[in-house]
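The values are calculated or read from the model by the stated rules, or taken from the named source; none is laboratory data. A quick note: this is a predicted structure, and the numbers were derived from the prediction, not measured. Glycine gets a Cβ as well: all are built from the backbone with ideal geometry, and neighbour counts include every protein chain shown.
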Amino acid sequence: MNASTAALLAGLVLLFPLAGSALCGLIGPVLGRRFVNLAGTLSIGAAFVVTLVIFVQVLGAASGHQSTTATLWNWLNLGPGNLNVSVDITIDQLSVLMLLVITGVGLLIHVYSVGYMEHDPGAARFFSYMNFFIFSMALLVLAANMVILIIGWAAVALSSYLLIGFWYERESAVLAARKAFITQVIGDVALVIAAILIFVNLSAVPACPPNEKCAGLPQALHTLSLPQIFAHASSLGVGSPLITLICILLAVGAFAKSAQFPLHTWLPDAMEGPTPVSALIHAATMVTAGVYLIARFHSLFDLAPIASGMVACVGMGTAVMAGFIALSQVDIKRVIAYSTMSQIGLMIFAVGIGAYAAGMYQFLLHAFFKALLFLAAGNVIHAVHDEQDIREMGGLDSRMRVTAWCFLVGSLALAGFLFAGMFSKEDLLGFGMINGPGSPALYIVGIGVNVLTGLYAFRLYGTTFRGEPRSEAARNAHESKAVMLWPVVILAGLSALAGWILQWPVAFGPHLIDAFLNPVFTSPGSGPIAKAPQLWPGVLGFVIGLTCSLIGIAIALRIWVRHDLDPSRALARPGLRLLPRLSFNKLYFDELYDTLLVRPTRALGRGLRRVGDPVMDSWIKGVSDVATDFSSVFRSVQTGLIRDYASYMVLFVVIFTIGVMLAAGLAR
Amino acid sequence: MNGFPWLTAILLLPAAGALILQVIPGKAADLIKGVTVMVAAAEVVLVAIVVHGVATTSAIGGGPLPMHYVEQASWIPAIGASYHLGVDGVSAWILALNAGVFLLGALVVPRRSTERLKLFCGLMLLAEAATTGVLISLDLLLFYVFWEGMLIPLYFLLAFYGNENRGRATLKFVIYTVAGSLLMLLAILYLHFQALAGGHNTFDLEVLLQNPLPVQTGVALPFTTIPTLSPAMFAFLAFALAFAIKLPMVPFHTWLPDLYESAPAPVLVFFAGVVSKMGAYGFIRFGITLFSGPVHQLQPLLVALAILSILYGAMMALSQTDLKRIVAYASISHLGFIALGIFSLDQNGIDGAVIQILNHGIIIAGLFLVVGVVEARTGTRDIRELGGLQKRMPWLYVFFLVITLGALGLPGTNGFVGEVTIMLGAFQYFWLLAVLAGLGVLLASWYMLRMHQGMMHGPVRAVTEKVQDLRFREGLVLAPLAVLIVLLGVFPHPVGTVAAQAVPGYVTLADASQHPVVVPTVAHVSALTEVEP
C-alpha cells in the first residue's frame, strides 16, 4: 500500500463516522427517526467496508511489518528544534486489527441500538455521539504522531463522557460522566508529560555523508512522530530511569482509559449510560485502548523492564480485585463491568510481560463475548422494564430463549470453557508461566482469576436466567424483537467460533493472530518479546487453566442453580466475615478517594475563598479608607453628573501631562 | 503594502467611528448600533488584510525585532518621542483578536437601552482605538499614551453602565491600575534618560533595544542567587507591576472578579477577551526584551507567580457559586498559563503564550456571552438555582459544550494547542512546572464541568422552566466562536507559523548572555561590606 492510498482509505474510515455524527446531530432531529437510523448505521457500515478493504490490502501484501504512514496536513510548525507536529496516520497490522473490531463490533451495536433506542426521544443525539465515538477511536488507533494520538485519546474520553451522561436529567448519570471524564484527564496529562519527556530527550546520531568522518554525537530529534520515536527508542536509555518514567506515565494513561487500579472507579459508574454504550465503549473498544497503547509503544516498554513489570502486576492485581468485587454486585450491568475490568486486567498483564499478540488476541475475543453479554443484558433490562437488579430477575430462560442461550454462550466464553475465552486466556496465561516478573507467581494468581471468573459468570447467569421469577416484571418478560436479537446471535456465533477458527487445529499454542501481529512486535527497533511455552508445558498449562475454570463454573452452578451448596455459613466465620462486605462495597475505593482527594480539595477551595482574596485585598482597603474623599466622589459618579466624570478625565490628563513635562524638562 | 498607512487606518477607524456617532441624534438607537457594528466590521476587514500581509510577506528592518507595515514620523522632537508604528508575528493575531472580539461585543450591545447608547458606543469605539494603539506602538511614550487612553473609556463604561456593585469594583480597578501605570511612567522616563546618557534622545523601542541596559547578574550563593537591586531592576518591577495587574497575576488580581461581576455584557466580552491580554502582550514586547537581566534574575519568582495564578485561580473557580465569578477565576487560571509560557523564556513557551492569548480570548468571550444569555433568560447567575437547560436550550448546549471543552483544554480544541506548547516550554525551564501546570489542567476540567453540568444537566428547575432557546442573532454571535475553537484546535498551523516567525527575536533578546555582564561574587560583596565601615 502506498502512502496516498493509505491516506485515502484512512481518511474515509475517519470521515464516514464523522459525517454520520454531524448529520445525525445537526439535521437528524429535523429529518426524523428513519433518517437517523439509516445515517447512524450506514456510516459505520461504510467505515467497516473500507476497513475490510484495508485489511485485504494488508493481508495480501508481503509478510513482515506492513506499516504505511501518510501525512494528512500540518498541525503546528514552530520552527526547527521546536514543536512540529503533522496529522499523520499509520496503517499496519495492529491498527487494522483494532479498526476491524471498532467498526465491525461497532456496526453490530449500532444496528442493535436502532431497536434499543426506539422509544427514546434523544435518539438523534445518541447516534451522533456513537458515530463520533467510532471516529475518535479510529483516530486513536490510526494516529502516527503522539499529539494526534492524544487528540484521539481525548476525543474518546469526550464521547464516553457524553454517552455516560446521555440521560442528563438523572443526577447519578451526570456525576458518573464527570467522574469518568476527570479520571480520563489524569491519563491525558500523564500522556502529555510522557510526550514532553520524549520530545526533549529523544536523540539520534545524524546520518553521516559518505566519504566524511563524523563525530557521531547524538543530536536531539525534537519530534513526536511515532515511527521516529520507535526507531530511536534506545536513545532514551535501556532500562534507564528516564525510559522507566516515560513508560510509567504511558501506563498511567493506559490505566485511566482501561479502568485499571488505581484509576478504575469510573467504570462501574459508567454503566449509567444506555446499554449499547456499555457494550461498545465500556467493554469492546474504548477500555481496551490502554492495551493498544502499550502494545503500540512496545518498543519503549521492551526497554523498560521495571515499568513493564509494574504493568503486569497492576494488570493481574486488577484482574483479581475486579473478579472479587464482581462476586457480590447485584446490578446486572455492574457485574459485567467488573468482569470487563478483570478481563482487561489480564490483557494488561499480557502486554506487561511482553506477550503483545496474546494480549491483542484476548482483546479481539473479549470484544465479541463482552459485547454479546452486554447486548443480551440490554435485552433482559428491556424485557423487565428497566430493572437492573438481578435479585428481581430469575427464570428468564424459558421466557427469552434466544437471549438466554446467547447469554450462556457468552458466559462460557467469559469463564473460558469451550468458547472464546478458553483460547485467549489460556494462551496469555501460558505466556505468564515462563515470562514476566516473579513468574510463575503471577501465573498462579492468574489461575485463581480463572476460578473467580467461572464463579461470577455463572452466578450472574444462574441468578438471572434460572430458577423461578422473583418479580412481576420478570414473570411477564418476553423476548426482544429481531433487530435487537440478530446482533446478539451474530456475536454469539463469533464468540463460539472465532477461537476455534483462529486456533485451528489445536486449542493451544500459536494462533492466526500471533502470525498476523508478531511482525509488528518483532519489527526493527523492538526489543525481545515474550517466549511461548514449549509444547508439553503448554498442554499442561492449558489443562490446569481449563480445570480451574471448570471448578469455578461447577461451584457457581451448585450455589446459584442447584442451591445444594450454601457459602453463607463458611463466610460467617470470623476470619472471612469481612470478605462479603468488602466485595459488596467495592473495597471502599469510592469512599477512600472521596475522603482523601475530593473533600480536601473542596475544603481547600472553600477556605481560600474565605481567606485568600480578602487578605490580598487588604492593602486596597487601607488605601480606600485613607482616600475617603475619593470614594465619596465615586458615589457621586453614580448620579451621572457630567462634572463628576469630567473631573476624572482631568485627573488622568493632569497626571499624564505632568509626566510628559517632567520628561521634557529634564531632557533639556 | 504600497505605502498606504494601514496601521494608522486601523488606529483611526474606530476613533472616526466614535466621532461619526456624535452627529447622529441620540434617539436613533438602531442607527447608532448599526454604525458601531459597521465600523467594527470594517475594522475586522482592515485587520484581516494586515494579518494576511504579516503572514505572507517578510519583515523589514534589521533591528532585533523585525516589523511589518512600519510607519515612522516625528511626534515631540524635543524629547525624541516619535509616532512609530509596526506589527509583527506576536501582535498580528492579537490585533485580529481585538477586532474580532470587539465586533462580537458590538453585536451584543442591547438596543433596548436607548438611554445614553450613543455615549456607550462612542466609548467602546474609543477603547478599541486605544487597545489597537497599544498593540502597534513601537515608541514607549506613544505606548503609554494608548495604555492610559485605554483605561479612560473603560473606566467610564464601568462607572456608568455597570450593575449595582460597580462603585466598589470601579474603585478597586482604578486604584490598581493607576498605581501600576504611574510607576510604569517613571520607568519609561528612566529608560529615556539611560538612552539620553548614551547619546540617544529617544523613546523608540528599537533604539532602546540596540542599547541594552547594563546587566548585573545576581549574587551567586550556593544553591541560589540573590537578585541585585539595580535601577534596571526597579524599572522592570515597575513595568512588571503594571502588566501583572492588567494580566492579572495573583496576588494583583482582586479587582478582576468584582469588575467582571459588575460590567455590562458588551464591555465584559471586550474586557475579558482583549484588555486582559494587554498585560501578557506587554510582558512579551517590553518586559522580557528591555529587561532581560532582571527577568532572568526574577525568573523563579515570576514562574512561581504564574503557577500560583494557575492553581489559585482554579481552586477559587471550584468554590464559587456565581457564574461570572467562576469564569473570572477560570480566566485568572488560564492567564497564569500564558504568563508561565512567557516566563519560561523558551521559544516553545512564548509561541504557546501567543497562541494561547488568541485562543483564550476566543474562549473567554464565548463563556461570558453564554453567561450573559443565561442570565438574561433566567434572571440568575447562581449555579445552585440553575439546571436542566440542555432540555430547554439545545442549541445553546451545543455551543456551550464546545466552549467548555475549549476552556478545559481538551486535546483537539484550541485551548490544548497553547497549553501543551506552554507546558513544553515550562518543562524545559524546570520539569516541576509542567507537572503543576498539569494539575491546573486537571482542576480546569473539574471546575468547568461543574459549571457546565450544573447549568445544563439535571432536572429542569423553577428558573429554567420557561426559557426559550437561542434566537438566530444570538446563535450567529456564538457560532463563529465555537467554529474557531474547533478549527484552531485541528488546524492551528496559521497561528503558530505567524507567531514562530517573530518569537525567535524575542527569545534572543531575552537571553541575557547576549549582553555585557557584571558579575558580583560573594567575595566581591563581602569585600565591599568590609570597606564600608
Residue match in the stretch A:203-215 (condition: more than 21 Å from A:ALA256 (Cα to Cα), more than 10 Å from chain B (Cβ to nearest Cβ), without any contact (Cβ under 8 Å) to a residue 40 or more places away in the chain and crowded, with 20+ Cβ neighbours inside 10 Å): no
Give me the pairs: first residue in the stretch A:553-578 and modelled with pLDDT of 80 or more, second residue of a type in the set (Asp, Glu), beta-carbon distance under 6 Å, and six or more apart or on different chains, which are they? A:ARG558/A:ASP564
Suppose we keep only residues that are of a type in the set (Val, Ile, Thr) and out of contact with any Leu (no Cβ under 7 Å at 6 or more places or on another chain) within the stretch A:341-380. Which one would you say is surrounded by the fewest Cβ atoms within 10 Å (Cβ to Cβ)? A:ILE353
Could you grab the pairs with beta carbons closer than 9 Å, sequence gap of 6+ or different chains, first residue in the stretch A:589-608 and of a type in the set (Gly, Ala, Ser), second one loosely packed, with under 11 Cβ neighbours inside 10 Å and part of a helix (DSSP H, G or I)? none
Looking at B:VAL402, is it touching a residue at least 40 places away in the same chain (Cβ under 8 Å), surrounded by fewer than 24 Cβ atoms within 10 Å (Cβ to Cβ) and within 11 Å of chain A (Cβ to nearest Cβ)? yes
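So, of the residues in the stretch B:407-450 that are small (Gly, Ala, Ser) and within 26 Å of B:PRO480 (Cα to Cα), which turns out to be farthest from the other protein chains (Cβ to nearest Cβ)?
B:ALA407
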Tally, over the stretch B:421-442, of residues that are touching a residue at least 12 places away in the same chain (Cβ under 8 Å) and surrounded by fewer than 24 Cβ atoms within 10 Å (Cβ to Cβ): 6
Residues of the stretch B:129-171 being within 12 Å of chain A (Cβ to nearest Cβ), part of a helix (DSSP H, G or I), under 21 Å from B:GLY273 (Cβ atoms) and touching a residue at least 40 places away in the same chain (Cβ under 8 Å), which ones? B:TRP147, B:MET150, B:LEU154, B:LEU157, B:LEU158, B:PHE160, B:TYR161, B:ARG166, B:ALA169, B:THR170
Consider A:VAL147 carefully, then state whether it is more than 10 Å from chain B (Cβ to nearest Cβ) and either aliphatic (A, V, I, L, M) or crowded, with 21+ Cβ neighbours inside 10 Å (or both). no
List the pairs whose first member sits in the stretch A:449-462 and is buried (at least 24 other Cβ atoms within 10 Å of the Cβ), whose second member is of a type in the set (Gly, Ala, Ser) and not in a helix (DSSP H, G or I), and whose Cβ atoms are under 7 Å apart, counting only residues at least 6 apart or on separate chains? A:ASN450/A:GLY416; A:THR453/A:GLY416
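Rundown of residues vs (1) closer than 18 Å to A:VAL101 by Cα; (2) modelled with pLDDT of 90 or more; (3) crowded, with 17+ Cβ neighbours inside 10 Å, yes/no style:
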position: A:GLY20; (1), (2), (3): no, yes, yes
position: A:VAL30; (1), (2), (3): no, no, no
position: A:THR41; (1), (2), (3): yes, yes, yes
position: A:VAL58; (1), (2), (3): yes, no, yes
position: A:SER63; (1), (2), (3): no, no, no
position: A:TRP75; (1), (2), (3): no, yes, yes
position: A:PRO80; (1), (2), (3): no, no, no
Considering residues of the stretch A:411-439 that are touching a residue at least 60 places away in the same chain (Cβ under 8 Å) and of a type in the set (S, T, N, Q) only, the residue farthest from A:PRO537 (Cα to Cα): A:SER424
Tell me, yes or no, whether the stretch B:68-76 has at least one residue that is of a type in the set (Val, Ile, Thr), at negative phi and within 14 Å of chain A (Cβ to nearest Cβ). yes
Just a yes or no: is a residue in the stretch A:251-264 in a helix (DSSP H, G or I) and within 17 Å of A:LEU94 (Cα to Cα)? yes
Residue among A:LEU408, A:LEU365, A:LEU396 that is assigned to a loop (DSSP other than H, G, I, E, B) and touching a residue at least 40 places away in the same chain (Cβ under 8 Å): A:LEU396
Identity of the residue in the stretch B:455-496, touching a residue at least 60 places away in the same chain (Cβ under 8 Å), at the interface with chain A (Cβ under 9 Å from one of its Cβ atoms) and part of a helix (DSSP H, G or I), that ends up nearest to A:LEU175 (Cα to Cα): B:MET456
